[in-house]
Amino acid sequence: MHAVDHEPRIVILGCGRWGRTCHSQLIEKTPGLHLHGIAGRDPAKVAAASAEVGRKGYVGLASVLADPEVDGVVLATPNSTHADQAVQALRAGKHVLCEKVMCLDTAEFDRMALAAKESDRLLSVFQNRRTDGDFRTVCALQEAGELGDVRWVEMSWQGFGIWGGWRGEAAMGGGKLYDLGAHMVDQILQLFPEPVTSVYCRMHHDMPERDVESEALVVISFASGRTAVVDASSLAAISKPRFYVRGTKGTFQKFGLDPQEDAMKAGDIETAVEPESLFGTLKTADAERLVPTRAGCWLDFYANWRQALLGEAAPLVSLPEARRAIQVLEAAHRSARAGGAIHL
């Protein structure tokens with residue numbers, strides 16, 4: 001990869017909340033990474049976003065790609081646009097960090113990966129939830145052997161009410177499976193690195209005002225015989241555990257979400273602290289105890305991306321890992337349409 005030999009200068013493409021409040025804050029807080037600007041299609045929104053983040057505004061992707069000072073772009077844009085925008089940016093010699101979901105299917109992914117290879121530029125995906133405290137806690141329990149051989153994992157991420165905006169439009173790559181499911185599938189594939197043998201998905205469309213799913217339940221089977229379940233819902237006024245992990249030595253259950261997003265919205269992600277009331281419970285044959293949640297740190301993701309841009313480290317999310325997650329999500333959508341399991 002053609003590494004950057006100076007402080008990387010980054011432009012965020014997307015003037016929505018996530019570009020303005022998440023990526024801008026993380027870049028600004030990452031030593032050795034420079035937020036160079038923010039871009040969008042609407043001149044009025046660009047002007048407002050530029051004023052909010054205190055950086056240069058660009059109208060249109062072409063104006064970003066024409067600027068030789070820009071080293072990389074962060075795509076905080078609708079999911080359906082990621083593939084085309086990434087290919088354009090890579091071919092223009094820019095490094096690309098793409099919001100999840102990275103793209104909508106493996107054909108799009110392969111096109112993006114080829115452009116990255118041909119341009120000798122870095123392509124990665126913002127799977128920040130790998131650095132969530134709750135996921136780090138599950139990984140630590142698994143690595144320490146406290147759960148024994150983990151055989152069954154359920155991950156749930158639920159709410160009450162369907163999303164508006166482009167996230168509520170199927171043509172734009174909306175829906176909770178592509179959005180929140182992308183995080184859960186990525187986490188599951190980190191816990192279970194062995195081959196996936198089949199994917200089954202059951203979807204509901206219970207809210208006629210939107211064409212995205214109101215419910216998505218995905219069952220992933222692995223060559224080892226392990227099973228993982230993803231449950232994303234817009235009809236859950238009472239949420240299930242975020243993590244429910246069963247192993248041969250014990251079971252771990254945890255409710256609630258990592259506190260970093262709320263802290264970020266309040267103005268400073270580094271103030272995030274999880275209350276003890278949300279600590280998970282580990283129960284074995286002999287005992288039951290609360291497990292303090294490990295500290296999460298989304299800033300670790302951007303610190304790693306900076307190192308990867310400089311050629312000092314491998315990116316946290318490799319392209320083979322990213323493709324594997326897209327393959328599972330693609331199979332889930334195929335399964336929901338077909339009404340049966342998809343064998344991989």
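If you take the residues in segment 307-318 that are touching a helix residue (DSSP H, G or I) at 6+ places or on another chain (Cβ under 9 Å) and more than 30 Å from Thr197 (Cα to Cα), which one is surrounded by the most Cβ atoms within 10 Å (Cβ to Cβ)? Step by step, filter segment 307-318, then rank; the result is Ala313. Mind listing whichever residues of segment 225-264 are closer than 21 Å to Ala182 by Cβ and of a type in the set (Val, Ile, Thr)? Within segment 225-264, Thr227, Val229, Val230, Val245 meet the criteria. If only residues of segment 86-100 that are part of a helix (DSSP H, G or I) and among the hydrophobic types (A, V, I, L, M, F, W, C) are counted, the one that is farthest from Gly164 (Cα to Cα) is Leu90.
Working only within segment 238-255, note down all residues that are under 23 Å from Asp186 (Cβ atoms) and outside any strand (DSSP E or B). Listed by number, the residues that qualify are Ser239, Lys240, Pro241, Arg242, Phe255.
Answer yes or no: is there a residue in segment 278-291 that is assigned to a helix (DSSP H, G or I), surrounded by fewer than 19 Cβ atoms within 10 Å (Cβ to Cβ) and either among the basic types (Lys, Arg) or at pLDDT 95 or above (or both). Steps first, answer last, please.
Quick first cut of segment 278-291, residues assigned to a helix (DSSP H, G or I) only: 278.
Narrowing further to those that are surrounded by fewer than 19 Cβ atoms within 10 Å (Cβ to Cβ): 278.
Among the residues that remain, those that are also either among the basic types (Lys, Arg) or at pLDDT 95 or above (or both) are: 278.
Yes, there is a match, as at least one residue in segment 278-291 is assigned to a helix (DSSP H, G or I), surrounded by fewer than 19 Cβ atoms within 10 Å (Cβ to Cβ) and either among the basic types (Lys, Arg) or at pLDDT 95 or above (or both).
The set of residues in segment 140-162 that are out of contact with any Gly (no Cβ under 7 Å at 6 or more places or on another chain) and surrounded by 15 or more Cβ atoms within 10 Å (Cβ to Cβ) comprises Leu141, Gln142, Val153, Glu154, Met155, Ser156, Trp157, Gln158, Gly159.
What's the total number of residues in segment 125-153 that are polar (S, T, N, Q), touching a Cys at 6+ places or on another chain (Cβ under 7 Å) and outside any helix (DSSP H, G or I)? Even if it seems obvious, please write down each step before you answer.
Looking only at segment 125-153, we keep the residues that are polar (S, T, N, Q), and these are 127-128, 131, 137, 142.
Still in the running and touching a Cys at 6+ places or on another chain (Cβ under 7 Å): 131.
Adding the requirement that they be outside any helix (DSSP H, G or I) leaves none.
Of the residues in that region, 0 qualify.
Residues that are touching a residue at least 40 places away in the same chain (Cβ under 8 Å) and farther than 18 Å from Gly175 by Cβ were ranked within segment 319-341; the one that is surrounded by the fewest Cβ atoms within 10 Å (Cβ to Cβ) is Gly340.
Please list, ordered by residue number, the helices (runs of 4 or more DSSP H) wholly in segment 1-85 having 3 or more residues that are farther than 26 Å from Leu104 by Cβ, aliphatic (A, V, I, L, M) and without any contact (Cβ under 8 Å) to a residue 60 or more places away in the chain.
In segment 1-85, 43-53 are the helices (runs of 4 or more DSSP H) which contain 3 or more residues that are farther than 26 Å from Leu104 by Cβ, aliphatic (A, V, I, L, M) and without any contact (Cβ under 8 Å) to a residue 60 or more places away in the chain.
Within segment 102-112, is there a residue that is charged (D, E, K, R) and touching a strand residue (DSSP E or B) at 6+ places or on another chain (Cβ under 7 Å)? No. Checking each residue in segment 273-306 for being without any contact (Cβ under 8 Å) to a residue 60 or more places away in the chain and over 28 Å from Lys249 (Cβ atoms) picks out Val273, Asn304.
If only residues of segment 67-100 that are surrounded by fewer than 24 Cβ atoms within 10 Å (Cβ to Cβ) and among the β-branched types (Val, Ile, Thr) are counted, the one that is nearest to Gly174 (Cα to Cα) is Thr81.
The values are calculated or read from the model by the stated rules, or taken from the named source; none is laboratory data. Note that this is a predicted model, so its numbers are computed, not measured. Positions of Cβ are backbone-derived with ideal geometry, glycine not excepted, and every protein chain shown enters the neighbour counts.
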